[in-house]
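Notes to accompany the following structure.
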Amino acid sequence: MAGAMTAIPQAEVKKRANIEVLRTLEQEKEVVFDTQNLNLWYGEKHALRDINLDIHEEEVTAIIGPSGCGKSTYLKTLNRMVELVPSVRTTGVIQYKGKSIFDKSLRVEELRTQVGMVFQKPNPFPKSIYENIAYGPKIHGIRNKMILDEIVEKSLRGAYIWDEVKDRLHDNAYGLSGGQQQRLCIARCLAIEPDVILMDEPTSALDPKSTLKVEELIRELKKDYAIVIVTHNMQQASRISDRTAFFLDGEVVEYDRTDVIFNEPTDQRTEDYINGRFG
Amino acid sequence: MKYVDAVQVQKRMNFRLIVNTIAKIIFFLSTVFGLVVLGILIYRVFSDGIGWINMDFLTGKLSTDPEKAGILGAILGTLWLMVVVAPVTMFFGVGTAIYLELYAKKGKLRSFIQTNIANLAGVPSIVYGILGMTVFVRALDMGNIVLAGGLTMSLLILPITIVASQEAIRAVPNHLGEASYGLGATKWQTIKNIILPAALPGILTGAILSLSRAIGETAPLVVIGIPALLIPFPGSIFDKFTVLPMQIYYWTLDSSLVEEYAYLASATIIILLLVLLLLNTTAIIIRNKFQKRY
Ligand SMILES: Nc1ncnc2c1ncn2[C@@H]1O[C@H](COP(=O)(O)OP(=O)(O)OP(=O)(O)O)[C@@H](O)[C@H]1O
Ligand SMILES: [Mg+2]
C-alpha cells in the first residue's frame, strides 16, 4: 500500500487534486444553453456547421474567430433574432434550460425577455434616457410609475452609468457619448431582468477607457447572469471570459476553458489565430 | 515615382474649380427658374384678384352676379372634403405601406403589387373620377356628396401616399427595430412604439404633398358631377358640395361671358393658396413636434 502511494509523485497528486476541484466547480455551474449539431443557412450559404457548445450559468463565454466565421450568427441564433432574416434555415437542437428554443410552443418574445442582447453598435432608441430603459418593462405591461422609476434607477446603477445620467434622465439618449450609449444599452437590457446576456462586440465602438468600464461591468454582471460575448480583442477574451470558443468558417474549432485556449490550445489553428498569425 | 503628381494636380486644379463653380450655377439657375415662374403667376393672380377679396366675398353664397358672389360654400366644401380625405388616406396609405414593408414576404406577389401601385400613381385623375362615379355615386348610391368625392380623392392620392410612407418606413434604421425585438417586444409593439414614430416625419411630408394635390384637383369631381352654382352650404360629409378649384374652373370657363368672372377666379386662387398654406403649416407643425422628440 505504502509502495503504491510513493509510486505517484507528490506533484502529480496535487495536479490531480486541482483537476478534481476544477471538475467539481464545473459541475456546479448549470448549463443554460445546450447546442447540439446546429447548422444554419442563409439561403444557399452554409454559415454554421455542426455546432456543439454548452453555455454555463454565472460564466462569461467568449466567442472569437476571424471576420465572417459566424460568431454573430451563432449569437443571434441563441435568441432567435437571426430569424429576422427571411432566408434563414436551421437544423439541430438548442436547448435553453432543458427546453428546445425551436419548439413550436415556445414564444420568441418570451425567449428574448430571458435572453437579452447588446449589439455591436450602440443602438439607443431616439427617446429620452428614461424612456430607453423603461421601454422594456413597459412593453411587458408595467405601467406603475413608481415601479418604473425604480427599475430605471436599478438598471442604470447596474450598468454603472447612473451617476453620469441621473441629472439628465429626460434628455435625449443621443446626447450621450458612444461609451455612455453602450452602457445605456446594457442597462436597457438589464431592465427586462434576463437570465442570459448576449453581447456582440460590445466594445468595438468604444475608446479604451469606456472599454475597461464595460469589461468591469461584465465581470460584475456574471455574478448574476450567464454572458456570451463575441469579441475580436484577444486580450479582452482572456481578461474577462471563463470559457472561449474559437470559430472558423462556421465551425467550432476548439472550445475549452479560457486559460487552456490561450495557454495550451490543442488545435494548431487556434494557436495561430490567438497569436495573430491569421484572421 | 508618386502616382499623384503634384504638378499634374496643379494643372488640373483650375479646371476642377471651374467645373465646381459651374455645377453650383446650374443648380442655382434651376431653382431661379421655378421661383421666377411662380413669382409671375402669383403676381398676376394677386394683381387681378386681391381687389375682389372682402368680407362679403369670403362669407357670401355663390351667385351669378359677380358683385354678389361669395365663396364660403366652396371653402367649407374644401374643408369638409379634407375631413374625409385626410383620415381615409392616412389610414389606408400608411396601413398598406406598413403591410408591404414590414409584413409582406419579399417575392413575386409583393413586387407585382409594388409595380402596380407605382403605375396607379400615373393614372390620369379623370380615370379615378370615373371609378368614383361608378362605385361610390352609383353602385353604393351615395349621390354626389362630400363622402363620395372624398373617397374618390383618397383613391387618387393613395398611391403617392403609400409610396412616400414606404420610403419613410424603409429609412428607419434596422438596428432600432432589432433593439426592440431584442427586448422581447412583439412586432406590433415594435412598429407602434419605434418604427412609426421614427418614420412619422417622412410619412407626414408625403401626406402633406398628396393632400395638397387633393385640394387642388378638379377632374375627378367634374366627373362625379359637382353642381356649378347655388347650393346650400355643406354642413356634414353627407351634403352636396363644391370646392375651391371647381369654382375657379367654372368662373374661368365662363369668363368669356362675364369679364369679372376672371377676377373672381383669381381671388379664389388666392384663397385656395391661403387654405393650402394653412393646411401645410398645420401639418409641418405637427411634423416638427414629432421630430423634436429625437
Ligand atoms: N443576412 C445575411 N444574409 C446572407 N448572408 C449572411 C447574412 N448575415 C451574415 N451572412 C454571412 O454569414 C457568414 C457569417 O456572418 P457573421 O455575421 O455571423 O460573421 P461574424 O463572425 O460575426 O463576422 P464579424 O466578425 O465580421 O462580425 C458570413 O459569411 C456572412 O457573409
Ligand atoms: Mg459579427
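The values are calculated or read from the model by the stated rules, or taken from the named source; none is laboratory data. The shown structure was predicted, so the numbers you read here are calculated from the model rather than taken from an experiment. A quick note on method: Cβ atoms are made from the backbone with ideal geometry, for glycine too, and the neighbour counts reach across all protein chains shown. Areas reflect the complete protein model, heavy atoms only, side chains present, ligands, DNA and RNA absent. Shrake-Rupley method; radii C 1.70, N 1.55, O 1.52, S 1.80 Å.
In terms of the ratio Rg/(2.2 N^0.38 Å) built on C-alpha atoms, what value belongs to the range B:2-52? Walk me through the numbers on the way to the answer.
Working: Rg = 22.0 Å, N = 51, 2.2 N^0.38 = 9.8 Å.
Rounded to two decimals, the normalised Rg is 2.24.
Based on Cβ point charges of +1 for Lys and Arg and -1 for Asp and Glu, what charge dipole magnitude is obtained for the range B:1-107 about its Cα centre, in debye rounded to the nearest 20? Provide the component values of the computation, followed by the final result.
Working: 10 positive and 6 negative charges, 189 e Å.
Dipole of the range B:1-107, to the nearest 20 debye: 900 debye.
Rounded to the nearest 20 debye, what is the charge dipole size of the protein assembly as shown about its Cα centre when +1 sits on each Lys and Arg Cβ and -1 on each Asp and Glu Cβ?
Magnitude of the dipole: close to 760 debye.
Sorted by accessible area with a 1.4 angstrom probe, largest first, how do A:Met146, A:Met234 fall?
Sorted descending by solvent-accessible area, the residues read A:Met146, A:Met234.
Counting only other chains, and only Cβ atoms inside 10 Å, what mean value do you get across the residues of A:84-93? Spell out each step's value before the answer.
Working: counts 5, 0, 3, 1, 0, 0, 0, 0, 0, 0.
Average per residue, whole number: 1.
In degrees between 0 and 90, to the nearest 10, how far off the longest principal axis of chain B does helix B:108-120 point, with axes built from Cα atoms?
That works out to roughly 50 degrees.
List, by residue number, every residue in the range A:109-133 with a reduction of 30 Å² or greater in accessible area between the chain on its own and the complete protein assembly, 1.4 Å probe.
Residues of the range A:109-133 that lose at least 30 Å² of accessible area once the other chains are added: A:Glu109, A:Arg112, A:Phe119, A:Asn123, A:Phe125, A:Pro126, A:Lys127.
Ordered by packing density, taken as the mean number of other Cβ atoms within 10 Å over each peptide's residues, highest first, how do A:260-272, B:244-256 rank? Each step should come with its number before you reach the end.
Values: A:260-272: 15.5, B:244-256: 19.5.
For the peptides A:260-272, B:244-256, the packing ranking is B:244-256, A:260-272.
Per residue of B:174-181, how many C-beta atoms from partner chains lie within 10 Å of its own C-beta, taken as a mean? Don't skip to the answer; put the middle values down first.
Numbers: counts 2, 6, 4, 2, 6, 13, 6, 9.
So the per-residue partner count for this stretch is 6.
Helix A:10-28 against the longest principal axis of chain A: what's the angle in degrees, Cα atoms only, rounded to the nearest 10?
Approximately 30 degrees, to the nearest 10.
Rounded to whole Hz and in sequence order, give me ³J(HN,Hα) for the range A:245-250 from the Karplus expression 6.51 cos²θ - 1.76 cosθ + 1.60, θ = phi - 60°, writing x for Gly and Pro.
Here the 3J(HN,Hα) series is 10, 9, 9, 8, 6, x Hz.
Please report how far the C-alpha centroid of the range B:120-198 lies from that of the range B:1-24, rounded to the nearest whole angstrom.
That distance is 49 Å.
Which value, in Å², gives the accessible area per residue of the protein assembly as shown when a 1.4 Å probe is used on the protein heavy atoms?
On the way: 30050 Å² over 573 residues.
Dividing the accessible area of the protein assembly as shown by its residue count gives 52 Å².
Each residue of the range B:153-167 in turn: what ³J(HN,Hα) in whole Hz from Karplus with 6.51, -1.76, 1.60 and θ = phi - 60°, glycine and Pro shown as x?
The phi angles translate into 4, 4, 4, 4, 9, 4, x, 5, 4, 4, 4, 5, 5, 4, 4 Hz.
Quick check: Cα centre of the range A:89-142 to Cα centre of the range A:217-258, how many Å?
So the separation of the two Cα centres works out to 20 Å.
Write down Rg/Rh for the range B:56-293, rounded to two decimals, with Rg from the C-alpha atoms and Rh from the Kirkwood relation over Cα pairs.
Values: Rg = 20.4 Å, Rh = 19.3 Å.
Result for the range B:56-293 is an Rg/Rh of 1.05.
Taking the alpha-carbon distance from B:Lys240 and a cut-off under 23 Å, which lysines remain once sequence neighbours fewer than 8 residues away in the same chain are dropped?
B:Lys61, B:Lys68
Report, to the nearest 10°, how far helix A:178-190 tilts away from the longest principal axis of the Cα atoms in chain A, using its own Cα long axis and a range of 0 to 90°.
The answer is roughly 80 degrees.
What lysines could a cross-link reach from B:Lys289, if we take a straight Cα to Cα line under 29 Å and drop same-chain neighbours fewer than 8 places away?
A:Lys121, A:Lys127, A:Lys138, A:Lys145, A:Lys166, B:Lys187, B:Lys192
Once every DSSP H run of n ≥ 4 in chain B is given -39500 (n - 2.57) and the sum is divided by its residues, what mean residue ellipticity at 222 nm do you get, rounded to the nearest 500 deg cm²/dmol? Provide the component values of the computation, followed by the final result.
Numbers: 12 runs with 204 residues, N = 294.
Mean residue ellipticity, 222 nm, calculated: -23500 deg cm²/dmol.
Can you order the peptides A:130-136, B:84-90 by their average number of other Cβ atoms within 10 Å per residue, highest first?
Working: A:130-136: 24.0, B:84-90: 19.9.
Output ranking for A:130-136, B:84-90: A:130-136, B:84-90.
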